[in-house]
């Protein structure tokens, strides 16, 4: 795939106006996604392990990689000594790649923003990187993710700068604090999602403790 093709693939993902369009864009991109994004220095699946290791004990319990895509984080989380890790993504094609990569005890196809197939308080923590961005999961997806995470557990998310305020993520964070659903633990300054290319794609990382 050429750099022009890659740009078209990335633009198709960002421009998706519905879950169906997004699923189609990722299905088309799944076979070359890792090679293309990593050649641009895509770092989020790897840097999230820093916040995970800093805040979540290895013996905490099951973890959820929410929006795991091709599963780049899975083997690294496993290498850090964490136990059961599950992955969630809406793209069957991306989950197939994640399954071949290893690192996940279970993979589930489901859509963030809708009801998730786990009971209240099932996970000790969830992390989600590269998901809360343009054309992707809405801020309302956090309601279900928090529901399935136990009290005193953790939420670790990255949010694109262009949607943090405009699509209600900051408001959702503050609402959860007012409602006593979580408390803020850490907020990073903006940083590049891609170490080599796409210098304008900035994200922040947020860590919350579930109450």
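The table for this structure:
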| read-out | value |
| --- | --- |
| Where residue 189 falls short, out of the listed (1) in a helix (DSSP H, G or I); (2) in contact with a strand residue (DSSP E or B) (Cβ under 8 Å, 6 or more places away or on another chain) | (1) |
| Boolean, residue 153 is under 16 Å from the mean Cα position of the chain (by Cα), surrounded by 15 or more Cβ atoms within 10 Å (Cβ to Cβ) and in a strand (DSSP E or B) | no |
| Subset of the range 88-108 [outside any loop (DSSP other than H, G, I, E, B), without any contact (Cβ under 8 Å) to a residue 40 or more places away in the chain and surrounded by 14 or more Cβ atoms within 10 Å (Cβ to Cβ)] | 88, 89, 95, 98, 99, 101, 107, 108 |
| Residue satisfying condition, being at pLDDT 95 or above and within 13 Å of the chain's Cα centre (by Cα), within set 164, 116, 107, 145 | 145 |
| Considering residues of the range 47-60 that are in a loop (DSSP other than H, G, I, E, B) and touching a residue at least 40 places away in the same chain (Cβ under 8 Å) only, the residue surrounded by the fewest Cβ atoms within 10 Å (Cβ to Cβ) | 60 |
| Of all residues in the range 67-82 being touching a helix residue (DSSP H, G or I) at 6+ places or on another chain (Cβ under 6 Å) and closer than 14 Å to residue 131 by Cβ, the one that is surrounded by the most Cβ atoms within 10 Å (Cβ to Cβ) | 68 |
| Answer residue from the range 119-133, given it is buried (at least 17 other Cβ atoms within 10 Å of the Cβ) and part of a loop (DSSP other than H, G, I, E, B) and is modelled with the highest pLDDT among those | 122 |
| Check on residue 136, over 12 Å from the mean Cα position of the chain (by Cα) and either within 15 Å of residue 55 (Cα to Cα) or surrounded by 19 or more Cβ atoms within 10 Å (Cβ to Cβ) (or both) | no |
| Matching option when the condition is at pLDDT 60 or above, farther than 20 Å from residue 185 by Cα, crowded, with 21+ Cβ neighbours inside 10 Å and touching a strand residue (DSSP E or B) at 6+ places or on another chain (Cβ under 6 Å), among 85, 44 | 85 |
| Of all residues in the range 139-150 being without any contact (Cβ under 8 Å) to a residue 40 or more places away in the chain and assigned to a loop (DSSP other than H, G, I, E, B), the one that is surrounded by the fewest Cβ atoms within 10 Å (Cβ to Cβ) | 140 |
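The values are calculated or read from the model by the stated rules, or taken from the named source; none is laboratory data. Predicted model only: the values in this text are computed from it and were never measured. In this analysis, Cβ positions are derived from the backbone assuming ideal geometry, glycine residues included, and neighbour counts consider all displayed protein chains.
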